[in-house]
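Participant: Take a look at the following structure, please.
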Amino acid sequence: MKILLCGATGFIGAETLDQCLKHNYIQHIYCLTRHELPTKYSTHAKVTQLVHEDFSQYPESLLDKLSAYKIEGCIWCLGGRSMASFKNKEEAETVGIHYPIQAANAFATRLATKLDPDKPPMKQKYPFRFVFVSGWGAEQDQFRSLWMWNDSRKIKGAAEKGVFDVADTSEEIKGKRCFEAIALRPGTVLTGGDATTTLLSEAVVPCIAVDRLAKCAIKMVLEGTGYPEKRVLENGECLGPDWAMINSLRV
Ligand SMILES: NC(=O)c1ccc[n+]([C@@H]2O[C@H](COP(=O)([O-])OP(=O)(O)OC[C@H]3O[C@@H](n4cnc5c(N)ncnc54)[C@H](OP(=O)(O)O)[C@@H]3O)[C@@H](O)[C@H]2O)c1
C-alpha cells in the first residue's frame with residue numbers, strides 16, 4: 001500500500017513513519033510536511049518527501065503529483081498537542097478544523113476517485129481511507145456546553161464531523177463510496193509502550209503509548225474498522241489486542 005502521511009515531523013507522526021518503514025505491507029510513504037524531514041527519513045528508499053507550506057490549499061500541481069503516485073490512504077497526525085501549541089483560538093481552529101477538512105476534500109475528489117474498486121485488495125486498496133488522529137472527548141455537537149477542555153474537544157469534533165461529511169458525499173464508484181474516514185480518539189499519548197508505568201496508566205486513565213497508537217493508525221489505513229458504520233475508535237479501542245498482554249504482566 002502507498003500512503004500519505006501528514007504530520008510526520010511530530011511526536012505521533014514520527015513514530016508512525018518509523019513503523020511504516022518496517023511494515024511489509026506498506027510499499028511507500030509520501031510525507032507532506034512544511035519542514036524538511038531528518039536525513040535518515042528523506043534519503044530512505046521507501047520515503048518521498050513533499051514540502052508543502054500552506055495546508056489550507058492544495059494546488060493543482062501538488063494534486064497532480066499525488067494522483068500520479070496512486071496513493072491509497074492517508075494518516076493525518078498534523079495538529080497541535082494542546083491549545084497551548086497555537087497562538088490563539090483562531091489558529092487552533094484553522095489548523096485543527098480547516099486543514100483536515102480541506103485535505104479530506106482534496107484527497108476525496110482527486111486521489112480517491114483514481115482508485116479501482118475491482119482491483120484485488122492485495123494489488124490496490126479501495127476505498128481510500130483517511131485516518132484522522134482526533135482526541136479523547138471529541139465533541140461533534142458544537143452547541144453542547146462542556147465542563148472540561150471545551151475548545152479543544154469541539155475543535156476535534158468539528159473536524160471529525162467535517163471529514164465524515166466528505167466521506168458521506170464522496171463519489172460512488174460501482175456502488176461504493178471512494179473515500180472513507182476513521183477518527184482515532186487517543187487520550188494523552190505516552191512514550192515507552194512496554195514500561196510498567198505506561199501499562200498501568202493505560203489501565204486507569206484515557207492514555208495510550210505512542211507505539212500502540214501508531215500501530216492502530218496503520219491497521220486502520222490498511223484494513224479499516226471492518227464495519228462501515230463504525231468510524232470512531234475511542235482510546236480503549238485504539239489500545240488494540242496487544243494491550244491485553246497486561247494480563248500476563250508480573251510485578
Ligand atoms: N500528543 C498527545 O498527547 C495527543 C493526544 C491526543 C491527540 N493528539 C493529536 O494528535 C495530533 C498530533 O499530535 P503530536 O503530539 O504528534 O503533535 P506534535 O508533536 O506537535 O506534531 C504536530 C505535527 O503537526 C505539524 N503542524 C502543526 N501545525 C502545523 C501547521 N500550521 N502547518 C503544517 N504542519 C503543522 C507539525 O509540523 P512541524 O514539525 O513543521 O511543526 C508536526 O508534524 C494532534 O492533532 C493532536 O491534537 C495528541
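Participant: How do Glu223, Glu160, Glu229, Glu93 rank when sorted from fewest to most other Cβ atoms within 10 Å of their own Cβ? If you can, show how the numbers build up before the last one.
Facilitator: Details: Glu223 12, Glu160 25, Glu229 5, Glu93 17.
If I rank by nearby Cβ atoms, fewest first, I get Glu229, Glu223, Glu93, Glu160.
Participant: Rounded to the nearest 5, what % of DSSP beta bridges with both residues in the chain are antiparallel? Please list the in-between numbers first.
Facilitator: Working: 2 of 32 bridges.
Roughly 5 percent of the beta bridges in the chain run antiparallel, per DSSP.
Participant: Using Cα pairs under 8 angstrom and six or more residues apart, how large is the relative contact order of region 12-67, in percent?
Facilitator: Values: 42 pairs, mean separation 16.0, N = 56.
Once normalised by length, the contact order is 29 percent.
Participant: Still on this structure: From the phi angles alone, apply the Karplus equation (6.51, -1.76, 1.60; θ = phi - 60°) to region 231-243 and give each ³J(HN,Hα) in whole Hz, x where the residue is Gly or Pro.
Facilitator: In residue order, the calculated couplings are 10, 10, 10, 6, 3, x, 6, 5, 4, x, x, 4, 5 Hz.
Participant: If you don't mind, another one. What is the fewest-to-most order of Lys40, Lys219, Lys156 by other Cβ atoms lying within 10 Å of their Cβ? Please list the in-between numbers first.
Facilitator: Working: Lys40 10, Lys219 16, Lys156 26.
Going from sparsest to densest Cβ surroundings: Lys40, Lys219, Lys156.
Participant: Ok, one more. Given Lys87/Lys154; Lys70/Lys215; Lys46/Lys70; Lys46/Lys89; Lys89/Lys176; Lys2/Lys87, which pairs have Cα atoms separated by over 26 Å? Present the calculation step by step, with values, prior to reporting the outcome.
Facilitator: On the way: Lys87/Lys154 18 Å; Lys70/Lys215 23 Å; Lys46/Lys70 15 Å; Lys46/Lys89 37 Å; Lys89/Lys176 38 Å; Lys2/Lys87 34 Å.
In this structure, Lys46/Lys89; Lys89/Lys176; Lys2/Lys87 exceed 26 Å between Cα atoms.
Participant: When DSSP assigns beta bridges and you keep just the ones with both residues in region 78-226, what percent turn out antiparallel, to the nearest 5?
Facilitator: Numbers: 2 of 11 bridges.
If we restrict to bridges inside region 78-226, about 20 percent are antiparallel.
Participant: Next up: Which is farthest toward the positive dipole end of region 69-153 among Ile97, Leu111, Trp149, measuring Cα position about the Cα centre, with Cβ charges +1 (Lys, Arg) and -1 (Asp, Glu)?
Facilitator: Towards the positive end, the residue furthest out is Leu111.
Participant: Same structure again: Would you mind calculating the gained length between Lys174 and Asp194 on full extension (0.36 nm times residue separation, minus the Cα-Cα distance), in nm to one decimal? Before the final figure, lay out each step's value.
Facilitator: On the way: separation 20, 0.36 × 20 = 7.20 nm, distance 4.46 nm.
Between Lys174 and Asp194, full extension yields an extra 2.7 nm.
Participant: I've got another one for you. For a footprinting-style exposure proxy, rank Tyr58, Tyr69 by other Cβ within 10 Å, fewest first. Write out the running numbers ahead of the final one.
Facilitator: Working: Tyr58 19, Tyr69 15.
Going from least to most buried by this count: Tyr69, Tyr58.
Participant: Using Cα-Cα distances under 8 Å and only pairs 6 or more residues apart, what relative contact order does region 98-166 have, in percent?
Facilitator: Details: 61 pairs, mean separation 25.0, N = 69.
Relative contact order, region 98-166: 36 percent.
Participant: With only Lys, Arg, Asp and Glu charged, each at its Cβ (+1 for the first two, -1 for the last two), find how big the charge dipole of the chain is about the Cα centre; round to the nearest 20 debye.
Facilitator: Details: 31 positive and 30 negative charges, 100 e Å.
For the chain, the charge dipole is close to 480 debye.
Participant: What is the dipole size for region 157-251, taken about its Cα centre, with +1 at each Lys and Arg Cβ and -1 at each Asp and Glu Cβ, in debye to the nearest 20?
Facilitator: Details: 11 positive and 14 negative charges, 27 e Å.
Its charge dipole is roughly 140 debye.
Participant: So if R0 is 45 Å, what FRET efficiency would Lys89 and Gln19 give, r being the distance between their Cβ atoms, rounded to the nearest 0.05?
Facilitator: Using R0 = 45 Å, I get an efficiency of 0.85.
Participant: For n ≥ 4 DSSP H runs only, could you compute -39500 (n - 2.57) per run for the chain, divide by its residues and tell me the 222 nm figure to the nearest 500? Write down the numbers at each step before the final one.
Facilitator: Values: 9 runs with 89 residues, N = 251.
Value at 222 nm, helices only, nearest 500: -10500 deg cm²/dmol.
Participant: Would you kindly derive the ³J(HN,Hα) couplings of region 216-226 from the backbone phi angles with the Karplus curve 6.51 cos²θ - 1.76 cosθ + 1.60 (θ = phi - 60°), listing them in order in whole Hz, with x for Gly and Pro?
Facilitator: Values per residue, Gly and Pro as x: 5, 4, 5, 4, 5, 5, 7, 10, x, 7, x Hz.
Read the figures in this text as sums done on the coordinates, not as results from a lab. This structure is a prediction, so every number in the text was calculated from the model and none was measured. Because the Cβ atoms are built from the backbone with ideal geometry, glycine has one as well, and the counts that use them run over all protein chains shown.
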